[in-house]
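Since the structure comes first, as structure tokens, the remarks are kept for the end.
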Amino acid sequence: MKAYVVDTQILWWHLTTDQRKLSRTVRRIFEQAERGEALFYVPVLVLVEIWDINHKLGHPLNFRHLLQVLLQASQFVFIPLDVSDVIVYGELSAIPDSRDRIIAAVTRKMDAPLITTDQAIIKSGVVAVIEA
């Protein structure tokens, strides 16, 4: 089964009406996941960032309900931060933003491409990416 790491903006767009912002390739990957043909690794930090976006925008999504739906969806596997990620974090100085660096560290741990639009991550070349 194919596996991908998904970053915050991509998951947000998928969960909202902004899905049209996703590339055709990424929309197909989400469709594959819904059919059980692909898996998304979601760093727990992404959930924190989703909460932050939702709060900033005045709570357009019921976060508690959303979290329950995501936890029950078999295509999403939530990856906690651990000590090994902190060690890798220190090796990823090419990515200036600390949150992005953590997501990249988890991406390395999971050995799967990261679906992202983040140009700093893409340009760093430190992880495999699929540009959304």
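The values are calculated or read from the model by the stated rules, or taken from the named source; none is laboratory data. Source: prediction; values computed, not measured. Positions of Cβ are generated from backbone atoms using ideal geometry, with glycine treated the same way; all protein chains shown enter the neighbour counts.
Evaluated against (1) small (G, A, S); (2) within 19 Å of I103 (Cα to Cα); (3) touching a strand residue (DSSP E or B) at 6+ places or on another chain (Cβ under 7 Å), S84 falls short on exactly one condition, (3).
When the range 59-85 is filtered for residues that are within 18 Å of E31 (Cα to Cα), in contact (Cβ under 8 Å) with a residue 24 or more places away in the chain and surrounded by 11 or more Cβ atoms within 10 Å (Cβ to Cβ), the ones remaining, listed by number, are L70, Q75, F76, V77.
Tell me the residue from V44, V83 that is over 21 Å from S124 (Cα atoms) and within 15 Å of the chain's Cα centre (by Cα), please. Outline the logic, then answer.
On the way: V83 fails: within 15 Å of the chain's Cα centre (by Cα).
Residue meeting the stated conditions: V44.
Take T16 and tell me if it is within 21 Å of Y4 (Cα to Cα) and without any contact (Cβ under 8 Å) to a residue 60 or more places away in the chain. Yes. If the condition is being polar (S, T, N, Q) and surrounded by fewer than 24 Cβ atoms within 10 Å (Cβ to Cβ), then the range 94-118 contributes S98, T117.
Which of the following residues is in contact (Cβ under 8 Å) with a residue 12 or more places away in the chain, more than 17 Å from E131 (Cα to Cα), surrounded by fewer than 16 Cβ atoms within 10 Å (Cβ to Cβ) and of a type in the set (G, A, S): G36, G90? Selected residue: G36, the only one of G36, G90 that is in contact (Cβ under 8 Å) with a residue 12 or more places away in the chain, more than 17 Å from E131 (Cα to Cα), surrounded by fewer than 16 Cβ atoms within 10 Å (Cβ to Cβ) and of a type in the set (G, A, S).
Determine whether A94 is at pLDDT 95 or above and out of contact with any helix residue (DSSP H, G or I) (no Cβ under 8 Å at 6 or more places or on another chain). So that I can check it myself, show each step before the final result.
Working: at pLDDT 95 or above: yes; out of contact with any helix residue (DSSP H, G or I) (no Cβ under 8 Å at 6 or more places or on another chain): no.
Judged against the criteria, A94 is not a match.
Of everything in the range 1-24, what is of a type in the set (S, T, N, Q), surrounded by 12 or more Cβ atoms within 10 Å (Cβ to Cβ) and assigned to a helix (DSSP H, G or I)? Give them in sequence order. Correct list: T8, Q9, Q19. Scanning the range 93-126 for residues that are more than 19 Å from D52 (Cβ to Cβ), touching a Leu at 6+ places or on another chain (Cβ under 7 Å) and touching a residue at least 40 places away in the same chain (Cβ under 8 Å) yields a single hit, T107.
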